[in-house]
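Student: Take a look at this one; I'll ask things after.
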Amino acid sequence: MRVFLMLLITSFSFSQYAYSLTDNNSSSDYYLENVGPEYFENQITMHYFGSFT
């Protein structure tokens, strides 16, 4: 039972959600394009969600 719970927790920790957001970074190569995890397959990506005022 403990092994099952550890596998379950691990799978949720490393899973990626499918989403697509508009790139609002004007210095980005993908500016104003919708991008998400599927757009960069077989690449390591970092996801940051923030807001600046």
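The values are calculated or read from the model by the stated rules, or taken from the named source; none is laboratory data. Everything numeric in this text was worked out from a predicted model, so none of it was measured. Virtual Cβ from ideal backbone geometry, glycine too; neighbours counted across all protein chains shown.
Student: What single numbered condition from (1) under 11 Å from the mean Cα position of the chain (by Cα); (2) modelled with pLDDT under 70 fails to hold for residue 4?
Tutor: (1)
Student: Here are some conditions: (1) surrounded by 10 or more Cβ atoms within 10 Å (Cβ to Cβ); (2) modelled with pLDDT under 85; (3) within 17 Å of the chain's Cα centre (by Cα). Residue 11 meets all but one. Which one does it not meet?
Tutor: Evaluating residue 11 over (1) surrounded by 10 or more Cβ atoms within 10 Å (Cβ to Cβ); (2) modelled with pLDDT under 85; (3) within 17 Å of the chain's Cα centre (by Cα) leaves (1) as the failure.
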